[in-house]
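Attaching a single structure in structure tokens format; questions to follow.
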Amino acid sequence: MGANLSEKILAKAAHRNLVSPGDIIYPDPELVILHDGFIQTAFQQLDGLGYQRITNPERVMFVTDHQVIYTTPKSIAQASANRQIAKKWQVGHFFDAGRGGHGHIFPMESGLVRPGMFLFAYDMHCTNFGAVGAFAQRAGPDITAVLATGTNWLIVPPTLRIELVGDYSSGVHPRDLGFWLSSKLTAKEFDVEYDYRIIEFAGEAIQRMPLSYKVALCNTLTEIGVANVMFEPTDQMVRENPAAVKSDLDANYENILQIDIAQIEPQVSLPGAPDNAVDISQVIGRKVDHAYIGACGSGMFDDFQLAAKLLKNHQIAEHVRMILVPGTVKVAKQLADSGLSNILLDAGAIMLPPGCGPCAGGVGGPLGPGEVSISTAATNGAGRMGSTEAECYLASPLTVVASAMAGFIQDPRELQKLKG
């Protein structure tokens, strides 16, 4: 029996010939990523235990993406402390505000995260890296153990293979597929397990997917409790990085599903959780006050290119404030160089610096009580982007733009009809 992509990566990281679901391993990471909000906590915990240094500091990366515009004395003090800690610990990769962007995007963009890599990361949305065939294990608060010892234990998860066939219908985006899949999996409509499973996407459809589409799919499934989301590296990625691996033809999977993506309609996730997804027809007409494109699942150049195509020579509804947050500094520069920034600003959008934007507790664009938002944020629990009395709906960039222009939740297919 062969091995799938994830098993090969985990076996290599654990210095073993092979691993199987249920094995307990202590993998050796090539990279360890912390975001700005947890750096001080990790330092205080280790300092309290007497640690004056960390293991393999050259492999550690600090990213500043949650607080890139310091709006409070607390955020100013946090940024200053993070700089001091990075220097004291001699971390190998420190990206301050304005130096990289979103920590779930720019490491792929810059080549710091590559196909076939294993890494530990603090935040659960590190599953984004599966888009290039890298396995990132979310450690959460246990990231302090990784800093102290260089590793942490994990149980090798089973893998669910999802084969995608067909083409997306007009107005449908991979985020719609991700929301739809999340709702079907949590409702047990496929009669397969997903909790602490690796979702490996395969099939003819993924050969045509740009990286931004794969990132969107990795991101939208994370919140339901999967262990990871993976795509095999493309042939080009393998040529550029010979260490990249692919699943064997006789690899073992706990279950295999085949999904025809042509059946998917635009989805909207109702407030509360991303898997509260419904066909857009159920919520059309709900007035919105706030629209937002960005965050770790929809912060790449392609996402804003889609938005600009729909917004060109059009205006956002007068009562809607629309916030756009490029995922990385490189994306922001691409938008400027291509002229797309002007199209978006002319339509009435507000452009914030690269990073998480409002998805990080409403930083730079919070919601007030009773306000309604539609966005590409990573999740939509109460208070995610400000007031706990606000309503947060999630959708694809296409649906967010259509809704911002209409002033209410709108089907992007209707907008595309008007634009011909």
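The values are calculated or read from the model by the stated rules, or taken from the named source; none is laboratory data. This structure is a prediction, so every number in the text was calculated from the model and none was measured. Note that each Cβ is placed from the backbone with ideal geometry, even for glycine, and that neighbours are counted across all protein chains shown. To get the accessible areas, we keep the full protein, side chains included, count just its heavy atoms, and leave off ligands, DNA and RNA. Shrake-Rupley method; radii C 1.70, N 1.55, O 1.52, S 1.80 Å.
Roughly how many whole Å is it from the C-alpha centroid of region 192-263 to that of region 159-187?
12
Same structure, new question: Among 374-384, 51-61, 159-169, how do they line up from the highest to the lowest mean number of other beta-carbon atoms within 10 Å? It would help to have the intermediate numbers written out before the result.
Values: 374-384: 22.5, 51-61: 16.3, 159-169: 18.5.
Put in order of decreasing packing, that is 374-384, 159-169, 51-61.
What order do E223, E193 take when sorted by accessible area (1.4 Å probe), most exposed first?
Details: E223 60, E193 85 Å².
So, going from the largest accessible area down, we get E193, E223.
Next question. Taking the alpha-carbon set of region 303-379, what are its Rg and Dmax in Å?
Considering region 303-379 through its Cα atoms, Rg and Dmax are 12.5, 38 Å.
Antiparallel versus total DSSP beta bridges in the chain: what percent is that, nearest 5?
The antiparallel proportion sits near 15 percent.
Right, something else. Can you give the convex hull volume of the alpha carbon atoms of region 104-262 per residue, in Å³?
Measuring per residue, one finds 120 Å³ for the Cα hull of region 104-262.
Suppose we keep just the alpha-carbon trace of region 374-417; what are its Rg and Dmax in angstrom?
So, for region 374-417, Rg and Dmax equal 11.4, 36 Å respectively.
Sum -39500 (n - 2.57) across every DSSP H segment of at least 4 residues in the chain, then divide by the residue count to get the 222 nm mean residue ellipticity, nearest 500.
-8500 deg cm²/dmol
Say R0 is 22 Å: what FRET efficiency, to the nearest 0.05, do A81 and Q52 get from their beta-carbon distance?
Result of the calculation: an efficiency of 0.85.
Go through region 75-82 residue by residue and turn each phi into a ³J(HN,Hα) via Karplus (6.51, -1.76, 1.60, θ = phi - 60°); whole Hz please, and just put x for glycine and proline.
Values per residue, Gly and Pro as x: 5, 5, 5, 4, 4, 5, 5, 4 Hz.
Considering only Cα-Cα distances, which of the following residue pairs are longer than 25 Å: K214/K309; K12/K87; K184/K246; K214/K287; K74/K333?
Where the Cα-Cα span goes over 25 Å, the pairs concerned are K12/K87; K184/K246; K214/K287; K74/K333.
In whole percent, what relative contact order does region 244-318 give with Cα contacts below 8 Å and a gap of six or more residues? Please report the intermediate quantities before stating the final value.
Numbers: 24 pairs, mean separation 10.1, N = 75.
That works out to 14 percent.
Next question, about the same structure. Tell me the Kirkwood radius of region 74-131: reciprocal of the mean inverse pair distance over distinct alpha-carbon atoms, in Å.
On the way: mean 1/r = 0.0772 Å⁻¹.
So the Kirkwood estimate lands at 13.0 Å.
For labels at R208 and N252 in the simple 7 Å Cα→Cβ model, what's the distance in nm?
Reported label-point gap for R208 and N252 is 3.5 nm.
Also, quick follow-up: Can you list the HN-Hα couplings for region 39-54, worked out from phi with the Karplus curve (6.51, -1.76, 1.60; θ = phi - 60°), rounded to whole Hz and with x for Gly and Pro?
4, 4, 4, 4, 5, 4, 5, 6, 5, x, 8, x, 7, 9, 9, 10
Additional query: Along each of the three principal axes of the Cα atoms of region 1-51, give the extent in whole Å, ordering the values from largest to smallest.
So the three principal-axis extents are 47, 22, 18 Å.
May I pose another question? In nanometres, what is the gap between the two model label sites at D260 and E189, each 7 Å from Cα along Cα-to-Cβ?
1.5
What translational diffusion coefficient, in µm²/s and rounded to a whole number, does the Stokes-Einstein relation yield for region 90-180 at 25 °C and a viscosity of 0.890 mPa s, taking the hydrodynamic radius as the Kirkwood radius over Cα pairs?
Working: Rh = 15.6 Å.
The calculation lands on 157 µm²/s.
For the chain, which whole-number percentage of the solvent-accessible area (1.4 Å probe, protein heavy atoms only) is attributable to carbon and sulfur atoms?
Ligands and nucleic acids excluded, carbon and sulfur give 49 percent.
Mind checking which aspartates and glutamates have their Cα closer than 13 Å to the Cα of K88? Skip sequence neighbours fewer than 8 apart in that chain.
Partners found: D47, E58.
Quick one: Debye curve from the alpha-carbon atoms of the chain only, equal weights, vacuum; give me log10 I(q)/I(0) at q = 0.11, 0.13 Å⁻¹ to two decimals.
Relative scattering, expressed as log10 I(q)/I(0), comes to -0.80, -1.12.
Using the basic label-point model (7 angstrom from Cα toward the beta carbon), what is the H314 to M1 distance in nanometres?
Each label point lies 7 Å from its Cα, and together they span 5.1 nm.
Between region 67-117 and region 302-381, how far is it from one alpha carbon centroid to the other, in angstrom?
When both Cα centres are located, 22 Å separates them.
So what does log10 I(q)/I(0) come out to for region 289-420 at q = 0.18 Å⁻¹, using the Debye formula with one equal point on every Cα and no solvent?
Debye intensities relative to I(0), on a log10 scale: -0.89.
To continue, here is another question. For D47, what accessible surface area do you get with a 1.4 Å probe? Give it in Å², rounded to 10.
Only protein atoms counted, so the area is about 70 Å².
Say R0 is 51 Å: what FRET efficiency, to the nearest 0.05, do H15 and S387 get from their beta-carbon distance?
The computed FRET efficiency comes out at 0.55.
Then there is this: Bins of 5 Å, beginning at zero and ending with the bin holding the largest distance: percent of Cα pairs per bin for region 1-138, please.
Reading the bins upward from 0: 2, 10, 19, 20, 18, 13, 10, 5, 2, 1, 0, 0.
Now for a separate question. Using θ = phi - 60° and the Karplus relation 6.51 cos²θ - 1.76 cosθ + 1.60, list the HN-Hα couplings for region 279-293 in order, rounded to whole Hz, with x at every Gly or Pro.
Once θ is set to phi - 60°, the couplings for region 279-293 become 4, 4, 4, 7, 10, 4, x, 5, 5, 10, 10, 8, 9, 8, 10 Hz.
Ignoring ligands, DNA and RNA, what accessible area per residue does the chain give at 1.4 Å, in Å²?
The answer is 39 Å² per residue.
What residues have an amide H closer than 5 Å to that of I162, excluding those fewer than 5 places away on the same chain, when H is modeled at 1.01 Å from N in the peptide plane?
HN-HN under 5 Å from I162: E200, F201, A202, L257.
Enter the mean projected area of the convex hull around the alpha-carbon atoms of region 185-342, in nm², rounded to one decimal.
Projected area, direction-averaged: 12.2 nm².
Related question: Starting from the eigenvalues of the Cα gyration tensor, five times each then square-rooted, give me the equivalent ellipsoid semi-axes of region 274-336, largest first, whole Å.
Each semi-axis is √(5λ); the values are 23, 16, 11 Å.
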